[in-house]
1. Anything in region B:142-160 that is open to solvent by less than 30 Å² (accessible area, probe 1.4 Å) and under 23 Å from A:SER33 (Cα atoms)? List them, or say none.
2. Do we find that B:THR163 is open to solvent by 50 Å² or more (accessible area, probe 1.4 Å), in a strand (DSSP E or B) and either among the hydroxyl-bearing types (Ser, Thr, Tyr) or out of contact with any His (no Cβ under 8 Å at 6 or more places or on another chain) (or both) in this structure?
3. Which residues, taken from region A:387-411, are within 18 Å of A:ALA421 (Cβ to Cβ) and buried (at least 20 other Cβ atoms within 10 Å of the Cβ)?
4. Just to be sure before I move on: is A:ALA377 of a type in the set (A, V, I, L, M) and more than 24 Å from the chain's Cα centre (by Cα) in the structure I sent?
5. Mind checking whether some residue in region B:211-232 is open to solvent by less than 40 Å² (accessible area, probe 1.4 Å), out of contact with any helix residue (DSSP H, G or I) (no Cβ under 8 Å at 6 or more places or on another chain) and within 14 Å of another protein chain (Cβ to nearest Cβ)?
6. How many residues are surrounded by 15 or more Cβ atoms within 10 Å (Cβ to Cβ), within 13 Å of chain B (Cβ to nearest Cβ) and not basic (Lys, Arg) when one looks only at region A:192-213?
7. At pLDDT below 70 and open to solvent by 10 Å² or more (accessible area, probe 1.4 Å): which single residue out of A:ARG130, A:ARG165, A:ARG150 fits that description?
Amino acid sequence: MPTPDPPDEARSGLLDRHIAFLEALRAAGLPVSLAEDLDAVAVLTALPWDDRAVVREGYAAAVVKRHAQRPTFDALFDLYFPPLVGNGADRLGADEAGPEDSEGGDADAAAGGPQDGDVPGARDNAEALRDFRERLEAAMTAGDEQQLARLAAEAVGRFGAMPGRGPGLSSWSAYTALQRVAPGEIVDRLVQGLLAEGRGDEEARRAAAQRVGGFTRRVEADARRRIGEEKGAEHVARTALRPSIDRLDFLQMRRTDLEQMRREIYPLARRLATRLTQEHHAQRRGPLDFRRTVRASVSTGGVPLTTHHKPKRPHRSELVVLCDVSGSVANFAQFTLLLVFALREQFTKVRAFTFIDHVHEVTHHFKPGADVVDVMADLAASASHAALWGRTNYGRAIEKFAEQHADAIGPRTSLLVLGDARSNYSDLALTTLAELAGQCRHAWWLNPEHRRHWDTGDSAASRYADVVPMVECRNLTQLSELVHDLL
Amino acid sequence: MTWFSSPSDAADRLGATGYLTDAATATTTYLAGALEKPLLIEGPAGVGKTELAKAVARATGADLVRLQCYEGLDEARALYEWNYKKQLLRIQASQGSDATWDETHDDIFTDEFLLTRPLLTAIRREEPTVLLIDEVDKTDVEVEGLLLEVLSDFQVTIPEMGTVTAVRRPFVVLTSNATRELSEAVKRRCLYLHLEYPDAEREREIVVSQVPGLEEAVATQLVAMVARLRELELKKAPSIAESVDWARTLIALEISDLDDDAVNATLGVVLKHVSDQERAVKELRLDRAGR
């Protein structure tokens, strides 16, 4: 190395933090290039530093180029550039012009290590809890954002501390804090308060739920921040962050994720359809029309200057979807069905069947222009038709399908089987499936489980994979890629 | 020239032209000017993406050059074209005279015969310019290749004439509805801003500033209703433009209280799918029979 490293005190630590932050973003799946890295530095030099929100937006403009990645960015930003350090209560309470200090404090957060947890007065007892909940209720009724942020930090510090045996072993738990504070119980009184302000009943209820949800998120973020301070932001970034919605596993979704996902389906289908039409346009040139080309070449003395092509016949395939709707894979099946039906125009005909141990046709639920919410409800209701005995049985379902709906399969059909291939050790009906697959143009099996879980327990993945090509399909990104390849 | 001196300056000056910003928009707009980098704006239809470019032009006194993208847009429509007819005339005119072919040849590829299209126009202008490349996602992927040279180096290469470099860098705004994923190369060259529906307070201000004569109480009701509609799972959520339309409708119909009947009667202004309207009626428990 030509020049030695500058002495430590000359380094502000900001650059190191910036690079660590970008590394974490990359690890979380954001493709941050070197050019964007340099942009981010340019952004930081061009911006005033007295407002944390401005710095955050500037950073985001330089490195986040896809809206779906924004939640990941925000969570990591809070982790690497925390709004406050340690317990923070004194500082936030003492001077309201906090942001400047806390920005400057970023480097300290990295260098200074864990602050002592036992702040005077931060003791958990019944009286403190009652007092805290009163203040929380007041802040929520007033909708005071700053006070709520302060209270979230206090809740974690006071009620969520999990003292460890040695230095660096103590930790914080958002779960414990929320259990103790139980903001859900405040909802009713909050609604009363809002009603007194003259709001409508339903509106008050929604507003109350929103505020409580917001507080919960703050507490979770604050616990992450504190753990990050103790164990290093890298540790938390690796372990405690959920992936963005399009990379989230179907099998690991929570209820809120499901709703968000449902909103994603139509835009996703639209994007896919646009992309497909454009690609079809791009390859619109059909095979060479030899006769026309030769005839046209007469006028240029036999040199085929311009080639003529036969028009391309649009080919559209029929699609038959056969999906397992048993509890474990129901989410995956529903999303795939929704996506397939949103792309209906790309196929001549789509038919869908659900099964657990018995087959049931659900095509009629997907009326053109039907409402997503209704369709999902209908599908859930019809799942009961698909079960006679209640345990997933792939063998019986396939036999039944071949028996009752053999007309669905033809030489122009693509068959799509959705399921985890976990058949409770029953007969697999491999020969029947092979026959079905032989009668159609393509057959695919989408498995929502990670490849490393295939063939564990009662999974018959590789035995089915021998008959029908099986692909791993765990999240929206993989799903959309698959549907695109299928067409 | 510097476009804006700080994020708050951007917010103030855009606000003065009637475009109300939030922190993210103001910051990113300021940065696009300060770093002289193109700004890519994505977001649902009708949240004011194109409007932002126009507002920047108004606020800074720059001229707006607009390239509307569409499927099938090509080099000749985006960059430049040679004026073949005029070139042909020039060649024919030179036949009688004793000019050699070489001279004529050099003659016909000059500025005189060049038809500049939006991209080249924006690059060559010496006055402050806002270049708006609208709905970039509508174009074919190849056009993105054309844009790259303009976006990173602010220059255009014309084989017969050489490279034209910007005398004065334009403020470039690209908008996209995200119907197609843009290439990484384009995104890398741009700052990125995702415009969402504004929060209730800001939307109220926008509606009130756009529709004079609207009472505050009705505006509040209207914005709350639009916010609730956006929370439903609709095919097409109402945009800001539609909120403004709704406000205008209420003024025209002289409705001073947005109760269920009024909403019912005018729902078509904001929701443009039958299934969306049905969903709204069902979820909001509006009384359809009263219609």
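1. Scanning region B:142-160 gives B:VAL143, B:GLU144, B:LEU147, B:VAL150, B:LEU151, B:PHE154.
2. Judged against the criteria, B:THR163 is a match.
3. The answer is A:THR392, A:ASN393, A:TYR394, A:ARG396, A:ALA397, A:ILE398, A:LYS400, A:PHE401.
4. In short, no.
5. Yes, region B:211-232 has at least one match.
6. Total satisfying the criteria: 2.
7. Exactly one of A:ARG130, A:ARG165, A:ARG150 is at pLDDT below 70 and open to solvent by 10 Å² or more (accessible area, probe 1.4 Å), namely A:ARG165.
Let's see how each residue does on (1) assigned to a helix (DSSP H, G or I); (2) at pLDDT below 90:
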site	(1), (2)
B:VAL130	no, no
B:ASP137	yes, yes
B:SER152	yes, yes
B:VAL172	no, no
B:THR175	no, no
B:LEU182	no, yes
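The values are calculated or read from the model by the stated rules, or taken from the named source; none is laboratory data. Because the structure is a prediction, the values reported are computed rather than measured. Positions of Cβ are backbone-derived with ideal geometry, glycine not excepted, and every protein chain shown enters the neighbour counts. Please note that ligands, DNA and RNA were not included when accessible areas were found on the heavy atoms of the full protein model with its side chains. Shrake-Rupley method; radii C 1.70, N 1.55, O 1.52, S 1.80 Å.
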